[in-house]
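See below for the structure under consideration.
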Amino acid sequence: MLSKNLSRRDLLQRSAALGVVATLPLSFASYSEAAEPSGANPLKPPANGKVKVACLFSSNVTLIDWVGPEAVFDAWIYDESAKQDRPVFEVFTVGESREIKDPGFNAIPDYTYEDAPQAQVIVVPAQSGSPQFYKWLKMASESADLTISVCTGARHLAMLGLLDGQTATTHHDFINPYSQEFPKVHWVAERRFVEGPKIATSAGVTAGIDLVLRVVERYFGRQKALAVTKVIEYQGTAWMV
């Protein structure tokens, strides 16, 4: 059990100490190719500033569902106009209060639902949720470029009807239960992730890393995403759809 309050950075460091993820450098290899989105459903980064990424926290959040994707979002990517590497994602956590008391750890969200900035990308890990959680998620997802879930975080999207009429995935143990609970969603197994223009879902645990690498590709192109995989020494290729 973790007894101290944890900030977003503390979560990364503690997860590394527990062997969940290795300590990762933040300066990623430079590429000179133009930063153009790749493949289907490209996303356009802001003309100025960074892509804002919000991760929702409530009780019983599964840390690796966030720590793995955050390691990808912390990438520094070569900026052709500035001729140097720079961070291209601004990552923050959002919770009901400035402290989330949980049996396993106490998390300190960067923002509450009342003061969180609008995000271009919203990440929903596996967790319990709350009425305030659903209210903020529904509102924020309407104006976000992309809302993604990791593992059973997909249930929260289904609860709001965001997956109705769409194909989605989640942890393999929950495909059948969710198919019965949410019959308007076409749940598929044996897929690392399923993406659409505005909503994307991943399977369990490490599948979230594949999905987020694909998000990097959608914003900045395949060469930039490949640079990220080299730094985190990630050899999976399922993100290259």
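The values are calculated or read from the model by the stated rules, or taken from the named source; none is laboratory data. The structure displayed is predicted, hence computed values, not measured ones. Don't worry about glycine lacking a Cβ; one is built from the backbone with ideal geometry, like all the others, and counts go over all protein chains shown. We work out accessible area using only protein heavy atoms, side chains counted, and drop any ligands, DNA or RNA first. Shrake-Rupley method; radii C 1.70, N 1.55, O 1.52, S 1.80 Å.
Some observations on this one:
- Residue in the range 147-168 that is buried (at least 19 other Cβ atoms within 10 Å of the Cβ), of a type in the set (A, V, I, L, M, F, W, C) and within 20 Å of V51 (Cα to Cα) present: yes
- Among residues of the range 228-241 that are farther than 21 Å from P87 by Cα, none has a Cβ under 7 angstrom from a residue that is surrounded by fewer than 13 Cβ atoms within 10 Å (Cβ to Cβ) at a sequence gap of 6+ or on a separate chain.
- Residue count, the range 89-128 (criterion: modelled with pLDDT under 90 and β-branched (V, I, T)): 2
- Criterion (crowded, with 18+ Cβ neighbours inside 10 Å and over 24 Å from H172 (Cβ atoms)) met by exactly one of V124, V53: V53
- Here T201 passes the criteria (1) farther than 22 Å from V88 by Cα; (2) open to solvent by 10 Å² or more (accessible area, probe 1.4 Å); (3) not in a loop (DSSP other than H, G, I, E, B) except the one numbered (2).
- Test result for P87, touching a strand residue (DSSP E or B) at 6+ places or on another chain (Cβ under 6 Å) and more than 18 Å from T170 (Cβ to Cβ): yes
- Tally, over the range 169-198, of residues that are touching a residue at least 24 places away in the same chain (Cβ under 8 Å), open to solvent by less than 30 Å² (accessible area, probe 1.4 Å) and outside any loop (DSSP other than H, G, I, E, B): 3
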